[in-house]
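Written below as structure tokens is the structure these notes are about.
The values are calculated or read from the model by the stated rules, or taken from the named source; none is laboratory data. Model, not experiment: these values are computed from the prediction. Glycine gets a Cβ as well: all are built from the backbone with ideal geometry, and neighbour counts include every protein chain shown. Only protein heavy atoms, including side chains, enter the accessible area calculation; ligands, DNA and RNA are left aside. Shrake-Rupley method; radii C 1.70, N 1.55, O 1.52, S 1.80 Å.
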Amino acid sequence: MKEQFEWWRTATIYQIYPKSFCDSGSQGTGDIQGIISKLDYLKTLGVDAIWLTPVYSSPMIDNGYDISDYYNINPDFGAMADFDKLLEQAHQRGIRIVMDIVVNHTSTEHAWFQSALGDKNSPYRDYYIWKDPVDGGAPTNWQSKFGGNAWELDEATGQYYLHLFAKEQADLNWENPQVRREVKDVISFWAEKGVDGFRLDVINLISKQQDFSNDCLGDGRRFYTDGPRVHEYLQEISDEVFQKYGSVTVGEMSSTTLEHCQQYSSVDGKELSMVFNFHHLKVDYSNGEKWTKAPFDFLQLKEIFNHWQQGLNGKGWGALFWCNHDQPRIVSRLGNDQQYRVESAKMLAASVHMMQGTPYVYQGEEIGMTNPGYTSIEQYRDVESTNMYDIMVNELGVSKQDMLAILAQKSRDNSRTPMQWNSSQYAGFSAGKPWLDVAGNYPEINAEKAVADDNSVFHFYRRLIELRKEIEVITTGDYSDMMPEHKNIFCYKRESQSQVLICINNYYGEVVECFLPKSIDLDQGEFVLSNYAGVTEQSPSHCFALQPYETRVLLINR
Ligand code: GLC
């Protein structure tokens, strides 16, 4: 069946955050040699590709999302020779490499910005977005995603530059064809090396409305999200670069819509292969506000999945994911990371892996790693977290204790703690003290233990990755939510000409009765996966009890 599809439609992609993955020495930060040493582990897991978050030269204000040279490797991670070795070693094992491309902005240390700063006549001035002050201050009220106004003054020229993220991340001016030429050159350079694909950072923010007006309704995002020329720009790069090299591409889409994503990932292949959207990861934001501590809205979660699964089917393609380097650990977030850690980690995994799309597994997710539960602001390193702490505590008067509780739930550092390899000091991540504290539970939760235990979260992920290749309906089937109103159960059906697959999940810690409609013919049905012992041996019935965080996958061949 594989030949029928592009490889990535039946693939699973593993995300590596190099700084926290594996240190081959004792500097306390991960490196490329460390990644090479773990390729066999990834082969055992069965992933098809690695998405590597940025390893380019960078002052690391935003851990590599602030690039100062697109053509070189950050010496903290290694040299270009190490990268070449990684590519070769991964390919030898049949694992592809997807690079992260950050081209909405560059570091302010990039040579282009350094030339542009303070010099209106620099040939690079127009690579960035400069505006005169308005009423003696910032040109607009747009907010940076990391807090504060999105404009920074260049004192020498009296103009402001735009930075939608940290002030050390200056937005590129995509209206300038020269900038687009540079971007295409950068991507071609890596494609020529043999890199198999690209993950495009916040790519739906590259086209800004050119009148740069104040946003009296919000933080400015409506003037640059899915902006006026974004599809044109993506088609241009796709046409000149992606299609030429046959690269797989995944765009990170911030606050986007289904309609735009249908076009970004449209099946005619004119823009990108697939998209990440984040709507399902905002169900624990109170009134859309991230910096709050709130329980998650289960019915809304199901509704969002339904909207996207049905909306992309036959039109586009989505990435399936819970975790990445910007999101807290899912088992701590929607599961129960204490009593039912293993059960809930598996249930959450099954509930997205049985959908249509390409699953992404973020390092440590496959062993059920948890949020670390930091209790002091000194433990945090993330620029967004420390900025927000400052703003909320010092400007908005939130108590330190409340803000620490919010960070413990929402901070990006929750997922950036060092990968837990074994129970030796520093979890086997490094011979030296890690840049970010290891979670205290590493003696129990680590890769060595997980690989040795047939019932571990690791082996459950391994099975999910295999099932995607074995069962056609996972790739092709329609999607429908069978119990949209149910308060505890998430049960959806995938259906193709020849197969029906039903994925049944209890999202809570209580036993609950599940009733499947009598119209489902169970004669040819079998449970192909479960996170409780004995279930796959049973013959399916229409009524059964689901244990806490139980998941069952029922397959019916027609
Ligand atoms: C993306 C990255 C995030 C980064 C931001 C700015 O959202 O995933 O880590 O901070 O873009 O580049």
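Any aspartates and glutamates with Cα under 20 Å of the residue 487 Cα? List them, leaving off those in the same chain fewer than 8 positions away.
Here the aspartates and glutamates satisfying the reach criterion relative to residue 487 are 284, 297, 303, 343, 510, 513, 550.
At 0.36 nm per residue, and after removing the present C-alpha to C-alpha distance, how many nm does the segment from residue 290 to residue 520 gain when stretched out fully?
Net length gain for the segment: 78.7 nm.
Give me the distance in nm between label points sitting 7 Å out from Cα along the Cα-to-Cβ direction at residue 487 and residue 214, one decimal.
4.7 nm
Run the accessible area of region 100-217 with a 1.4 Å probe and give the carbon-and-sulfur part as a rounded percent.
45 percent
Within region 140-197, list the GluC sites (Glu not before Pro) lying in a DSSP loop whose Cβ has at most 16 other Cβ atoms in a 10 Å radius.
Working: sites: 152, 155, 168, 175, 182, 192; in loops: 155, 168, 175.
Those that pass, being in a loop and sparsely packed, are 155, 175.
Test of understanding: what is the full-extension gain from residue 88 to residue 431, defined as 0.36 nm times their sequence separation minus their Cα-Cα distance?
Length gained between residue 88 and residue 431: 120.9 nm.
Explain nothing, just compute: Karplus ³J(HN,Hα) = 6.51 cos²θ - 1.76 cosθ + 1.60, θ = phi - 60°, for every residue of region 78-89 in order, whole Hz, x for Gly and Pro.
Values per residue, Gly and Pro as x: x, 10, 4, 4, 5, 4, 4, 5, 4, 4, 5, 5 Hz.
Any idea of residue 317's accessible area? Nearest 10 Å², probe 1.4 Å.
10 Å²
Whole Å is fine, so just give me how far the alpha carbon centre of region 521-555 lies from that of region 173-237.
Spelled out, the Cα-based centre of one part sits 46 Å from the other.
Around residue 536, with a cut-off of 10 angstrom between Cβ atoms, what is the net charge of the other residues, counting Lys and Arg +1 and Asp and Glu -1? Before the final figure, lay out each step's value.
On the way: positive: 552; negative: 526, 537.
After counting each charged neighbour, the total is -1.
Keeping the other protein chains in place, figure out the carbon and sulfur percent of the accessible area of region 309-433, with a 1.4 Å probe. Walk me through the intermediate numbers first.
Numbers: 1680 of 3890 Å².
Carbon with sulfur: 43 percent of the solvent-accessible area.
Are there trypsin sites (Lys or Arg not before Pro) in region 469-519 that DSSP marks as loop and that have at most 13 other Cβ atoms within 10 Å, and which are they?
487, 518
Where the centre of each part is set by its Cα atoms, how far does region 123-147 sit from region 348-425, in angstrom?
Here the two parts' Cα centres lie 31 Å apart.
To the nearest 10 degrees, how steep is helix 457-470 against the longest Cα principal axis of the chain, on a 0 to 90 scale?
80 degrees
Contour minus end-to-end for residue 111 and residue 376, with contour as 0.36 nm per residue of separation and end-to-end as the Cα-Cα distance?
That works out to 91.7 nm of additional length.
How much FRET efficiency would the formula 1/(1 + (r/R0)^6) give for residue 122 and residue 266, where r is the Cβ-Cβ distance and R0 is 45 Å, rounded to 0.05? Show your work: numbers first, answer last.
Values: r = 38 Å, r/R0 = 0.86.
It comes to 0.70.
Averaged per residue, what accessible surface does the chain expose to a 1.4 Å probe, in Å²?
Counting only protein heavy atoms, the per-residue value for the chain is 37 Å².
Of the DSSP beta bridges with both residues in the chain, give the percent that are antiparallel, rounding to the nearest 5.
In the chain, approximately 65 percent of DSSP beta bridges are antiparallel ones.
Counting only protein heavy atoms and a 1.4 Å probe, tell me what percentage of region 477-557's accessible area is made up of carbon and sulfur. Could you put the intermediate results ahead of the total?
Working: 1690 of 3520 Å².
Of all accessible area on region 477-557, carbon and sulfur atoms account for 48 percent.
Using a Förster radius of 22 Å, what is the FRET efficiency between residue 396 and residue 131 based on their Cβ-Cβ separation? Nearest 0.05, please.
For R0 = 22 Å, the calculated efficiency reads 0.20.
Suppose we take every Cα in region 477-557 and form the convex hull; what volume per residue is that in Å³? Present the calculation step by step, with values, prior to reporting the outcome.
On the way: hull volume 6.8 nm³, N = 81.
Dividing the Cα hull volume of region 477-557 by its residues yields 84 Å³.
Label-point separation (nm) for residue 188 and residue 422, each offset 7 Å from Cα along Cα-to-Cβ?
My value for the distance between the label points is 4.7 nm.
Based solely on its DSSP helices, what 222 nm [θ] is calculated for the chain when runs of n ≥ 4 H residues each add -39,500 (n - 2.57) and the sum is averaged over all residues, nearest 500 deg cm²/dmol?
-7000 deg cm²/dmol
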